[in-house]
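The values are calculated or read from the model by the stated rules, or taken from the named source; none is laboratory data. Every value quoted in this text rests on a predicted model; they were computed, and no experiment measured them. Here the Cβ positions follow ideal geometry from the backbone for every residue, glycine too, while neighbour counts run over all protein chains shown. Keep in mind that these areas ignore ligands, DNA and RNA; they rest on the heavy atoms of the full protein, side chains included. Shrake-Rupley method; radii C 1.70, N 1.55, O 1.52, S 1.80 Å.
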Amino acid sequence: MKTAIYPGSFDPVTKGHLDILKTASEIFDKVIIAVAKNSGKQGFLPVDVRTDLIRASVKGLENVEVDSFEGLTINYARKKNAQVLIRGLRAVSDFEYEMQLSQANSSLACEIKTVFLTTKPEYNFISSSTIKEIYLNNGDISKFVPKPVFDYLQNNKK
Ligand code: ADP
């Protein structure tokens with residue numbers, strides 16, 4: 001049984017994240033998408049709202065679980081008996097950071113491997129920060145986020 005963790009901020013979850021998640025769910029027996037709590041950073045949406053919005057957006061993906069965690073990702077992965085961490089790559093600019101992160105993780109926990117996935121080209125440029133910027137300036141984000149996120153942000157206008 002191969003279990004993968006897809007960790008991230010997901011603030012908010014986007015169609016890019018969901019594309020990565022769907023691919024991962026086709027490859028692994030179980031995928032846990034897990035919101036990392038950052039005690040030093042408040043974020044745009046509270047962590048429980050982020051997990052609720054992910055949960056509402058992944059209905060239909062049978063082998064996907066939604067969770068949140070605090071502390072080191074490798075400790076969380078060990079607790080969940082996961083062998084794999086999923087990370088997404090967009091542009092070359094993601095590469096350096098993601099490479100460092102995966103090497104740091106593998107030197108702390110050599111049994112846990114990082115697997116990088118890419119999205120369909122139409123989702124490639126989408127990032128949570130771009131979406132926040134468009135939303136806060138009253139632009140249309142409906143193409144970039146799943147419906148539950150769109151509806152939540154419409155109803156809780158910041
Ligand atoms: P973090 O704060 O950990 O970078 P994010 O929520 O921004 O969390 O992203 C989680 C993961 O998803 C990261 O590996 C990021 O590179 C990846 N990701 C985000 N958006 C996309 C996208 N549009 N295409 C591919 N990967 C993506």
For this session: Please verify whether segment 37-44 includes one or more residues that are without any contact (Cβ under 8 Å) to a residue 24 or more places away in the chain, closer than 23 Å to residue 102 by Cβ, of a type in the set (S, T, N, Q) and away from the ligand (no atom under 12 Å from the Cβ).
Result: no
Exercise. Is it the case that residue 153 is open to solvent by less than 50 Å² (accessible area, probe 1.4 Å), among the aliphatic types (A, V, I, L, M), more than 10 Å from the ligand (Cβ to nearest atom) and farther than 19 Å from residue 8 by Cα?
Worked result: yes
Exercise. From the list 19, 67, 48, which residue is among the acidic types (Asp, Glu), open to solvent by 10 Å² or more (accessible area, probe 1.4 Å), within 14 Å of the ligand (Cβ to nearest atom) and at pLDDT 95 or above?
Worked result: 19
Seminar exercise, completed: Going through (1) closer than 22 Å to residue 23 by Cβ; (2) within 12 Å of the ligand (Cβ to nearest atom); (3) open to solvent by less than 60 Å² (accessible area, probe 1.4 Å) one by one, residue 77 fails only at (2)
Problem set entry | Test: residue in segment 81-97 that is over 26 Å from residue 153 (Cα atoms), more than 11 Å from the ligand (Cβ to nearest atom), open to solvent by 70 Å² or more (accessible area, probe 1.4 Å) and in contact (Cβ under 8 Å) with a residue 40 or more places away in the chain | yes
Exercise. Is it fair to say residue 132 is modelled with pLDDT of 95 or more and open to solvent by 70 Å² or more (accessible area, probe 1.4 Å)?
Worked result: no
